[in-house]
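Undergrad: Sharing a structure here in structure tokens format.
The values are calculated or read from the model by the stated rules, or taken from the named source; none is laboratory data. What you see is a predicted model; the values in this text were computed from it and never measured. We place every Cβ from the backbone using ideal geometry, glycine too, and count neighbours over all the protein chains shown. Remember, those area values only see protein heavy atoms, side chains included, never the ligands or the DNA or RNA. Shrake-Rupley method; radii C 1.70, N 1.55, O 1.52, S 1.80 Å.
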Amino acid sequence: MAEGVRLVFGHDGVATITLCHPPLNIYDLEMRDGLIEAISAVRDVPDVRCVVLAAEGKHFSVGADLSEFGTAESILDARRIRWDRDPWLLLLHLPVPTLCALHGYALGSGLEMSLLCDLRIASADTVLGLPEVKLGMLPAAGGTQSLTTAIGPAAALPLVLSGRNIDAVEAHRLGIVCEVVPPDDLNGRTAELASELARLDPLTARALRRCLRAANDLPLDHGLATERRWVRLVAAGTDA
């Protein structure tokens, strides 16, 4: 595993991927490779029933190492290199429920990676934001899409255009996080919720996640057809 990322498989079916580059957990290309390796590993282990994305240190992540943009011939080359080594679609398409535990700063693509998880739980000290616009940039780890999917365009637009930070209480009100807990309770509550998710029947969990995503991605009649198809598949005990 690349330096900066730790992967632990639990006996309860919970796999935990931890960002280990404190204090800010700024991730560089090496850390991206570690995330790709870790996410690919949990995808390929059939005993995994839930994946937790967490971070050690004072902050979850303030995003990418912008100094690496200066090592490429142009900003377009820097973006291309990052897109070619992109862990985010791997995270989005994991076949099991995903849970992100946020604390401290969760900014830029630090927030964006959490938005690709199914659920987010935040410590009360969490500060969230997409500040890229202040640097003349776009959120390039899916933020314009994932934030809008999570809270709708009317709520997402002011955050993206202003680049302002919000606290955990506002994030909960907007629907970005599902729970806010005291800092000392974050690890315990995350473990509790992850265990609950891991106990779900894997086929049922997969069906529910696909149906709920269809509600955002498809017209209503197509979404209803998707739901009916998955009801039949779950009843038959197969996703073939």
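Undergrad: Kindly express, to the nearest 10 degrees and within the range 0 to 90, the angle between helix 220-236's C-alpha long axis and the longest C-alpha principal axis of the chain.
TA: Orientation of helix 220-236: about 60 degrees from the principal axis.
Undergrad: Still on this structure, I have one more. Amide H of residue 21 versus every other amide H placed in the peptide plane: which residues, excluding those fewer than 5 positions away on the same chain, fall under 5 Å?
TA: Residues meeting the criterion, in which the H sits 1.01 Å from N, are 56.
Undergrad: Of all beta bridges DSSP finds with both residues in the chain, what is the antiparallel percent, to the nearest 5?
TA: 25 percent
Undergrad: Using +1 on the beta carbon of Lys and Arg, -1 on that of Asp and Glu, and nothing else charged, what's the dipole of the range 92-222 about the Cα centre, debye to 20?
TA: About 300 debye.
Undergrad: Give, as a single signed number, the net charge of other residues whose beta carbon lies under 15 Å from the beta carbon of residue 50, with Lys and Arg counted +1 and Asp and Glu -1. List each step's numbers first, then the result.
TA: Working: positive: 43, 49, 120, 189, 199, 206, 209; negative: 12, 47, 118, 192, 196, 201.
My count for the surroundings of residue 50 gives +1.
Undergrad: Related question: Considering the options 61, 195, 237, tell which one lies farthest towards the positive end of the dipole of the chain, charges being +1 on Lys and Arg and -1 on Asp and Glu at the Cβ, about the Cα centre.
TA: Toward the positive end, the furthest listed residue is 237.
Undergrad: I'm a student and want to see the number: the projected area of the Cα convex hull of the range 99-240, averaged over all directions, in nm².
TA: Orientation-averaged projected area of the Cα hull: 9.3 nm².
Undergrad: If I measure Cβ to Cβ between cysteines in the chain, which ones have no partner under 4.7 Å?
TA: By the Cβ distance rule, which asks for a partner under 4.7 Å, the isolated cysteines are 20, 50, 178, 211.
Undergrad: What figure in square angstrom, to the nearest 10, would you give for the accessible area of residue 113 with a 1.4 Å probe?
TA: 0 Å²
Undergrad: Could you put 232, 199, 49, 6 in order of accessible surface area, largest first, with the 1.4 Å probe and the full protein assembly present?
TA: Solvent-accessible surface, decreasing: 199, 232, 6, 49.
Undergrad: Compute the helix-to-body angle for 29-43: its Cα long axis versus the longest principal axis of the chain, expressed 0 to 90° and rounded to tens.
TA: Here the helix axis deviates by roughly 10 degrees.
Undergrad: Further question on the same structure: Any idea of residue 184's accessible area? Nearest 10 Å², probe 1.4 Å.
TA: It works out to around 140 Å².
Undergrad: For the Cα atoms of the chain, what angle does the longest principal axis make with the long axis of helix 186-198, in degrees from 0 to 90, nearest 10?
TA: That works out to roughly 30 degrees.
Undergrad: Shifting gears a bit: Once the whole set of protein chains is in place, how much accessible area is left on residue 227, using a 1.4 Å probe, in Å² to the nearest 10?
TA: Roll a 1.4 Å probe over it and residue 227 shows about 90 Å².
Undergrad: Along the charge dipole of the chain, Cβ charges K/R +1 and D/E -1, which of 128, 156, 216 sits furthest on the positive end?
TA: The residue sitting farthest along the positive end of the dipole is 216.
Undergrad: Heavy atoms only, probe 1.4 Å: what % of the accessible area of the chain goes to carbon and sulfur, would you let me know?
TA: 58 percent
Undergrad: Right, another one. Among 105, 27, what's the order by accessible area (1.4 angstrom probe), most exposed first?
TA: 105, 27
Undergrad: If you don't mind, there's one more thing I want to ask. Order the following by accessible area, largest value first: 9, 60. Probe radius 1.4 Å; ligands, DNA and RNA are ignored.
TA: On the way: 9 95, 60 0 Å².
Largest accessible area first, the residues go 9, 60.
Undergrad: Next up: Tell me the per residue accessible area of the chain using a 1.4 Å probe; a whole number in Å² is fine.
TA: On a per-residue basis, the chain sits at 50 Å².
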